[in-house]
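The values are calculated or read from the model by the stated rules, or taken from the named source; none is laboratory data. These numbers come from a predicted model, not from an experiment. Every residue, glycine as well, gets a Cβ built from its backbone with ideal geometry; the counts of neighbours run over all protein chains shown. Ligands, DNA and RNA are stripped out before the accessible areas are found, and what is left, the full protein with its side chains, is counted by its heavy atoms. Shrake-Rupley method; radii C 1.70, N 1.55, O 1.52, S 1.80 Å.
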Amino acid sequence: MPEAVLVTRPEPGAEETGRRLAALGWEPVLAPALRLAPRPMAAPAGVQALLLTSRAAARAVRPGPLPAGLPVLAVGEATAAEARHSGFVKVEAAAGDAAALAQLAAARLDPAAGPLLLAVGQGYGLEVTLALRQSGFRVQRRVAYAAAPAPALPDRARNALADGRVVAALFFSPRSAHCAISLFHEAGLAETAASVMALALSPRVAAALRAAPAPLAWRAVQVADRPDQDSLLQLLGPRLAKR
């Protein structure tokens, strides 16, 4: 039986990551730490561009209220692909984080040409909003989806952790990392983390993982070279010492 990798990414992205893991020969164990739900979002008139900070935001915002030809700047290639799938036709991707998105907006857009519509999850987007406003842009930040902590670890994840089959866990955001840590503690499985390599999408995610309260202590924490799923999955290659 292949060694198991815990996926804490919310659905529907968790299933996609699970398929990628299975293709690489790992046993995916899905344990989304957050549950996402779209929120009705008013589409203000006169915006010059739509900025998307995540795939969840791209799934929640579709043409109709907004013109399909509205310029869209996405935080990374996966978010850009989701926006194109939703029906937007003028989509450009940044290098994968909020700072890169703000830099791309400053390079491509003119503060005098109108406000920017920033579609985010509830409680997200403050960093990129501040950076854009410091560059002179007017930003209309709108909540496109809400994220709530999962109530508990799925039974399959609990069993795999308790049996010691989980050798690595994937973490995509600081908030999902915090929520997953809480779920470990609530399940009485904090000490199982000692045999789990925690793989983080970014340094901010890694910082959240390293701040886990005792008795939870990861076997190690590794950070992807770039903030995208391909780089995260590459950590499961030669860098991950098999037991």
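Miscellaneous remarks
- Looking only at residues in the range 107-117 that are open to solvent by 50 Å² or more (accessible area, probe 1.4 Å) and out of contact with any strand residue (DSSP E or B) (no Cβ under 8 Å at 6 or more places or on another chain), the one that is nearest to residue 66 (Cα to Cα) is 113.
- The range 29-39, residues that are surrounded by fewer than 20 Cβ atoms within 10 Å (Cβ to Cβ) and either free of Cβ contacts under 8 Å to residues at least 60 places away in the same chain or part of a strand (DSSP E or B) (or both): 30, 35, 37, 38
- Per this entry, residue 107 is counted among residues that are farther than 26 Å from residue 199 by Cβ and in a helix (DSSP H, G or I).
- Filter result for residue 220 (open to solvent by 30 Å² or more (accessible area, probe 1.4 Å), in contact with a strand residue (DSSP E or B) (Cβ under 8 Å, 6 or more places away or on another chain), within 30 Å of residue 99 (Cβ to Cβ) and not basic (Lys, Arg)): yes
- Within the range 162-177, not a single residue is of a type outside the set (A, V, I, L, M), in contact with an Asp or Glu (Cβ under 9 Å, 6 or more places away or on another chain) and closer than 30 Å to residue 52 by Cα.
- Taking the criterion of being under 23 Å from the mean Cα position of the chain (by Cα), surrounded by fewer than 15 Cβ atoms within 10 Å (Cβ to Cβ) and not charged (D, E, K, R), the residues of the range 141-184 that qualify are 148, 151, 152, 154.
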